[in-house]
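*Asks:* Structure provided below as structure tokens; questions to follow.
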Amino acid sequence: MKLPWERERDRFARAVEDPSSEDDEFRHELDLVNQLRLLGDTAAPGPEVKERIAAAIEARPEPAPLPRRRLRLGPAVVGGLTAVLALGGLCLVLAGDALPGDSLYGMKLAGETATVGLTFDDEARAGKRLDHAVSRLAELRAIGDRGVTEFRTALDGFGDATRRGTAELTAVATGTSGEQLSDLRGWAAEQARLLVELRPSVPAGAGTAYDNAVVLVDRVDQRAAALAGRMDCYQITSGRHDDLGALPASGGCGDGGPPQPGAVEEEPARGPVDRPGSQTVVSPPVDDRPETATPVLVEPPVHAPPVTGAPPPVTRPRPPITPPPPGELLRLPPLLPGLPEVRVGW
């Protein structure tokens, strides 16, 4: 069913198409439609106007294409990374006091690992590892009666950090002046004292792990003392290593040293020597067996790891500087094997 205004619209459309079909109701509207039609016929553009309009349209330059709007992912990515870093930093701050067994303890260990990985100085990196070992003992004091598993976790972390830090620090010490070895012995003495204080709080199921930690600290002290005793020797390390790093060399301090420049080896006389016009001289036998010394290092038998092969031993050759002949200011021995000696003023 049509609405009233729809019926009126249809009547007007029929009246426009056939004016004779309706009465005078739409007379005025139909006259207006006829006048518009006549005006449209008289106002139509001629051929010249049409050609001018067409030429203007053709001469008009094409509009430049609108630039495509690109998705700006930069701010979104930067914002996401900022949020992740902020969340990670907050977690690290909250995990600073975490203990073994806490949900954030793994985050704490991950932060310590990242700190060591971002330290590029060998001595500083070894120091950070030893600091982390100290943190494990501090956690042992804070654990209390929490449980055997947590106690063992802290002791295992202490042993791992101690072994890694000792191996790295002794490598630095044997390649330099060796002053780090005295600091390492002081560190071991302090940890031994702290372990003695912790003995009453050790759970029954963690006694073996505690004893291993005590033995490990004692081994660190002995290793540092043995290496420090050979810092003035030609050969410092033996060329072998274990979990604490390089093993000290054994034997005399001058064994294996390079021959002195200009020195002439004399064959010792053995037995009677006959010389014309002289009496027979009998020289006493010479014992040419190399001197042996008892090694300073005594490895503890408890859980001592096997000794494995390692790079060549650390040696410290010290060839003397020969006095220069007349006209020569200075003569230095070769800096590296195979290079000529350095002469100044030749």
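The values are calculated or read from the model by the stated rules, or taken from the named source; none is laboratory data. On a predicted model such as this, the values are computed, not experimentally measured, just so you know. Cβ: placed from backbone, ideal geometry, glycine included. Neighbour counts: every protein chain shown. In case anyone asks, the SASA skips ligands and DNA or RNA and just uses the protein heavy atoms, side chains included. Shrake-Rupley method; radii C 1.70, N 1.55, O 1.52, S 1.80 Å.
*Asks:* How large is the accessible surface of residue 169 in square angstrom, using a 1.4 angstrom probe and rounding to the nearest 10?
*Replies:* We get 20 Å² for residue 169.
*Asks:* Quick check on packing: order 242-252, 181-191, 100-110, 51-61 by the mean number of other C-beta atoms within 10 Å, highest mean leading.
*Replies:* Highest mean packing first, the order is 242-252, 181-191, 100-110, 51-61.
*Asks:* How much length, in nm to one decimal, is gained on full extension between residue 196 and residue 52, taken as 0.36 nm per residue of separation minus their Cα-Cα distance?
*Replies:* 41.0 nm
*Asks:* Quick one: if you stick a label point 7 Å off each Cα along the C-beta vector at residue 182 and residue 131, how many nm between them?
*Replies:* Computed distance between label sites residue 182 and residue 131 equals 2.3 nm.
*Asks:* Each label point is 7 Å from the Cα along the Cα-to-Cβ direction; what then is the distance between the points at residue 149 and residue 123, in nm?
*Replies:* 4.3
*Asks:* Between residue 141 and residue 341, what FRET efficiency follows from the Cβ-Cβ distance if R0 is 51 Å, with the result rounded to 0.05?
*Replies:* Efficiency, from the Cβ-Cβ distance: 0.30.
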